[in-house]
Structure formats: structure tokens, C-alpha cells
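For reference, the structure discussed in these notes is given below.
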Amino acid sequence: MRVLAISGKGGTGKTTLAVLLTRWLHDERSKSILAVDADPAANLGEMLGLTPGETVGAIREEMRTHAAGLPGGMTKQQFLEYKIRTGLLESPDFDFIAMGRPEGPGCYCYANNLLRDIMDTLGKNYTYVVIDNEAGMEHISRRTTRDVDHLFMVSNPTVTAVRTAGKISRLADELAVGIKEKHLIMNRVCGPLPEQVKTAIADAGLAEFCSIPEDDMLSSLDRTGEPIWPAASESMAYGVLARVLDELMPGRKA
Ligand SMILES: Nc1ncnc2c1ncn2[C@@H]1O[C@H](COP(=O)(O)OP(=O)(O)OP(=O)(O)O)[C@@H](O)[C@H]1O
Ligand SMILES: [Mg+2]
């Protein structure tokens, strides 16, 4: 299992790049992929062209309502495993699960533990696990992002987004969450980066891993609410990403 996680400031293109990354893995490496929507606002499924099913957050709620006794005398763990399999969407191309947001106060620890459990148990069945995170750095501070092979920090060409990537990177180092490699992806780039942005990248102790151009095809699909998945590999952004991924994760199609 190789875990690839996406993080960064809000609206920089995390979910879009998660779809392109999943598409590349599918086309060029292996169809054994679990795509995880770890953003409570959950739109990875839609961008992948799926109609998302039950979220893990909803499953957690259901467990609470069954607190007096689980159906068929199941243990909590058995019920959870059963429900997670229900929430798992299986397609010929990849599998998908959405974490959702648990209702009510004080649920986060539980939801976080569930995400970890899912990674530890379900993830083992796949060659690749792709995790689209919510904006910001909470997924690092809550340690739901941990034991990751590649963390892609997405930024647009603005100083604020680069600084957010820098904070994510530093926090990941401080908390030693087990990230093997971190990569800064500059997204929606038109022309040379402004000097201030270049300085912000250097100040954050980062280096640009790749520069994805502004791609009208992607933004127009989003405007009309169409999934990116079907035509993803025809996009200019995909072409650029594919070249760097090929070097980063050499291998042959399985
Ligand atoms: N390379 C690109 N070219 C053009 N538009 C892009 C590109 N990447 C992302 N976008 C557009 O930017 C917007 C935000 O993208 P996306 O939803 O992927 O960001 P996000 O970081 O996941 O946002 P959030 O923080 O809300 O989860 C969308 O309209 C998307 O189509
Ligand atoms: Mg998103």
C-alpha cells in the first residue's frame, strides 16, 4: 500500500488534483486504488463521477442510535466493518469512501479514529490510497494524515497559499506524523511566478515540485458541475502532472 495525500489552502485545487492523480494511477499504474474523501464538505466523489453513498460520519451516527444493542448481537467492531463495507463504493476503476462529518458535538475523536482504522484495515487491500483532505492543517494536527508516502501540498501562485503550504509542512515535521516525502504543487499558474511568491516558497523552506497551468477545461467542467474523471487525461493539467508523477513513482502498468 502506498498512501498519497493532498493538502493545502482552501480552493487551491486539491480535489481537482486528487482526481487527476487517481486517473493517472488508474491509467498508468494499477486499478487497485482506494480514493478517500476526508473533507467533510465531500465533493471528491462528484468530481470522480460517483453518486456517493453513506459516509463514515453517518455510520458513526447510526452506531450511536444503536447504542443499546447492535443488530444481530454484532460487536461494535463487526458492525463497523460491515457498515464501512456498505459505505464503500466499488467500481471497476477504483473504490471510494467518504468520511463525511459526524453530527453533534464531541465526535471528532471518534471520526478521526475511524479514519485511521479505515486506513489501517481497508487500505491494506489496495496498491494505492489517495486521500483528499479538507483545507488547512487540522488533518495534520489531528493526526489523521500520518504514515503517508507522498504528501502533495497544493498552492496557487499567491503568497498566502504558499505560506499555508509552508505551515502544513512545518507542522508535519514538528508532529512527526510519518510523511516520507512532501511536494509543493503550484496550481493554476499563468506565466512566471511573481517574485514575492518565489520568495515565499524559499522562506517556507520549500521547492517547487511542479507547476500546473491554468486549464480552462477543468474550470469549465466545475462551472457546469460535470465530473472531471471521464475526460481527465485529455486535460493539459493532466499532461503536466503525468510527467512529474512518472519520475516520482516509476513503474509499469499492472
Ligand atoms: N489547473 C486548474 N486550472 C483551472 N481551474 C482549476 C485548476 N485547478 C483547480 N481549478 C478550479 O479551481 C476551483 C477549486 O478547485 P478544487 O475544488 O479542486 O479546490 P479545493 O482546494 O479542493 O477546494 P476546497 O478547499 O474547497 O476543498 C474549481 O473551480 C476548479 O475547477
Ligand atoms: Mg476540495
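Pairing residues of segment 179-206 that are of a type in the set (Asp, Glu) with residues that are within 16 Å of ligand 2 (Cβ to nearest atom), at Cβ distances under 8 Å and at least 6 apart in sequence or on separate chains, gives Glu181/Leu151. Note on segment 4-28: among residues that are touching a strand residue (DSSP E or B) at 6+ places or on another chain (Cβ under 8 Å), more than 6 Å from ligand 1 (Cβ to nearest atom) and open to solvent by 10 Å² or more (accessible area, probe 1.4 Å), the one that is farthest from Leu50 (Cα to Cα) is Lys9. The requirement of being at pLDDT 75 or above and under 16 Å from the mean Cα position of the chain (by Cα) is not satisfied by Thr75. Applying the set (1) open to solvent by 40 Å² or more (accessible area, probe 1.4 Å); (2) more than 19 Å from Leu151 (Cβ to Cβ); (3) of a type outside the set (A, V, I, L, M, F, W, C); (4) part of a helix (DSSP H, G or I) to Arg188 leaves exactly one unmet item: (4).
Residues in segment 219-254 that are within 16 Å of ligand 2 (Cβ to nearest atom) and open to solvent by less than 90 Å² (accessible area, probe 1.4 Å): Ser219, Leu221, Gly225, Pro227, Ile228, Trp229, Ala232, Ala237. With respect to Lys182, is the statement that it is of a type in the set (Lys, Arg) and modelled with pLDDT of 95 or more true? Yes: the conditions hold for Lys182.
Regarding segment 105-116, can at least one residue be identified that is at pLDDT 80 or above, open to solvent by 50 Å² or more (accessible area, probe 1.4 Å) and not aliphatic (A, V, I, L, M)? No.
Table: residues versus (1) more than 16 Å from ligand 2 (Cβ to nearest atom); (2) buried (at least 19 other Cβ atoms within 10 Å of the Cβ); (3) more than 19 Å from the chain's Cα centre (by Cα).
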site	(1), (2), (3)
Ala172	yes, yes, no
Lys180	yes, no, no
Leu193	yes, no, yes
Gln196	yes, no, yes
Ile201	yes, yes, yes
Ala207	yes, no, yes
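Residues in segment 237-254 that are among the aliphatic types (A, V, I, L, M), in a helix (DSSP H, G or I) and either more than 10 Å from ligand 1 (Cβ to nearest atom) or in contact with a helix residue (DSSP H, G or I) (Cβ under 7 Å, 6 or more places away or on another chain) (or both): Ala237, Leu241, Ala242, Val244, Leu245, Leu248. Restricting attention to segment 39-59 and to residues that are open to solvent by 30 Å² or more (accessible area, probe 1.4 Å) and either away from ligand 2 (no atom under 16 Å from the Cβ) or aromatic (Phe, Trp, Tyr) (or both), the residue that is farthest from Leu114 (Cα to Cα) turns out to be Thr51. Summed over segment 43-72, the residues that are hydroxyl-bearing (Ser, Thr, Tyr) and touching a strand residue (DSSP E or B) at 6+ places or on another chain (Cβ under 6 Å) give a count of 1.
Filter segment 84-104 for residues that are of a type in the set (D, E, K, R) and either more than 15 Å from Thr51 (Cα to Cα) or at pLDDT below 80 (or both) and give the result. Residues satisfying the conditions are Arg85, Arg101, Glu103.
The values are calculated or read from the model by the stated rules, or taken from the named source; none is laboratory data. For clarity, every value in this text was computed on a predicted model and none was experimentally measured. Every residue, glycine as well, gets a Cβ built from its backbone with ideal geometry; the counts of neighbours run over all protein chains shown. The protein model used for the area step is the full one, side chains on, heavy atoms only, and it has no ligands, DNA or RNA in it. Shrake-Rupley method; radii C 1.70, N 1.55, O 1.52, S 1.80 Å.
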